[in-house]
């Protein structure tokens, strides 16, 4: 059985080899794409991260491919319909960052509510310990947080918020009423949540139905000065509408670990050197650069998952998925 790992940091290679045992494994630092697919031409199993887009064209260039193990919770980077047509099984990592992502969400909230990053940058630039009114923040105590999505991560955000003595309102397609009772919060509909919240934190997967769930009409109904936090998926927010909301002062600050078309941001140099690439949304790419320059926006490069504990869990689950496939006992298959 030949296995190819793409986007694989050097630090993981020894651990993966040890856990997989006596199988032929190749490691490649690059993402899997049209330029690197030849390196895995004989592979029966590939393991990738979210930057590798596994399209029909890629699959057709891997004639022996039987199994894809993505080291992520999301799997929108894989053409699942074509995989099913070809009889290729796909597994994912359903849970690894329940606490990890919830903690970075609150890191962004605290940075914005207390201007921590702004103050730090001021000290670095001026060495002046006198501060101005521009650093004045606000207490989270008794403020309302709207949690959109109460899966594993959303539930941990609720627990942290209760520790700050915040009032919690939440929405979910499948509300957990027992959890709400234990943690003393109320489920409401999406419109009510965004209207009432001083802080809104998004924790839902991306689907075609919830693309741009945060749009201009929704933003117009928000409290003036609301903080908007997104550690879920970039496409949940309409970037143009977000810029409008920030410039109008409706949104007081945004903490974003994900952006629309972030994959293109990661490969921006490749894009502009490619002549005339297809399927690139230059409008959103430009808008993302506008966001980066706004003083009340904090952007991190999709590191919400990236702790040593979460990374160890990702590797462990991925190896279990691969071992399960080899042994005929499938684990964590994408349905």
Which listed residue, of 117, 173, 177, is in contact (Cβ under 8 Å) with a residue 40 or more places away in the chain and surrounded by fewer than 17 Cβ atoms within 10 Å (Cβ to Cβ): 117
Strands (runs of 3 or more DSSP E) contained in the range 1-93 and holding at least 2 residues farther than 30 Å from residue 260 by Cα: 2-6, 24-28
Residues of the range 39-58 satisfying the condition of being in contact with a strand residue (DSSP E or B) (Cβ under 8 Å, 6 or more places away or on another chain) and free of Cβ contacts under 8 Å to residues at least 60 places away in the same chain: 39, 40, 42, 43, 44, 46, 48, 49, 52, 54
Pair list, Cβ under 6 Å, 6 or more apart: the range 133-145 residue over 22 Å from residue 159 (Cβ atoms), other residue part of a helix (DSSP H, G or I): 135/119; 137/113; 137/114
Residues of the range 135-148 classified as under 17 Å from the mean Cα position of the chain (by Cα) and surrounded by fewer than 21 Cβ atoms within 10 Å (Cβ to Cβ), total: 0
Criterion (surrounded by 15 or more Cβ atoms within 10 Å (Cβ to Cβ) and either more than 26 Å from residue 73 (Cα to Cα) or touching a residue at least 12 places away in the same chain (Cβ under 8 Å) (or both)) met by exactly one of 163, 154: 154
Residue 49, sole failed condition from (1) at pLDDT below 95; (2) in contact with a helix residue (DSSP H, G or I) (Cβ under 7 Å, 6 or more places away or on another chain): (2)
Residue within the range 303-315 that is touching a strand residue (DSSP E or B) at 6+ places or on another chain (Cβ under 9 Å) and either in contact (Cβ under 8 Å) with a residue 24 or more places away in the chain or not assigned by TED's automatic domain parsing to the domain that holds residue 114 (or both) present: no
Residue within the range 181-189 that is surrounded by 14 or more Cβ atoms within 10 Å (Cβ to Cβ) and over 21 Å from residue 167 (Cα atoms) present: no
Members of the range 291-335 that are more than 21 Å from residue 7 (Cα to Cα) and assigned to a loop (DSSP other than H, G, I, E, B): 294, 295, 296, 327, 328, 329, 330, 331, 335
Test: residue in the range 19-29 that is touching a residue at least 40 places away in the same chain (Cβ under 8 Å) and out of contact with any helix residue (DSSP H, G or I) (no Cβ under 9 Å at 6 or more places or on another chain): no
Criterion (at negative phi, at pLDDT 95 or above and assigned by TED's automatic domain parsing to the domain that holds residue 44) met by exactly one of 102, 84: 84
Search result, residues across the range 90-106 that are under 19 Å from residue 77 (Cα atoms) and surrounded by fewer than 18 Cβ atoms within 10 Å (Cβ to Cβ): 94, 95
Those residues of the range 148-166 which are closer than 15 Å to residue 188 by Cα and assigned to a loop (DSSP other than H, G, I, E, B), in sequence order: 149, 150
Residues (more than 23 Å from residue 102 (Cβ to Cβ) and either within 19 Å of the chain's Cα centre (by Cα) or touching a residue at least 40 places away in the same chain (Cβ under 8 Å) (or both)) located in the range 180-226: 208, 209, 211, 212, 215
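The values are calculated or read from the model by the stated rules, or taken from the named source; none is laboratory data. Predicted, not measured: the structure shown is a model, and the values here were computed from it. So basically every Cβ, Gly included, is an ideal-geometry build from the backbone, and we count neighbours across all protein chains shown.
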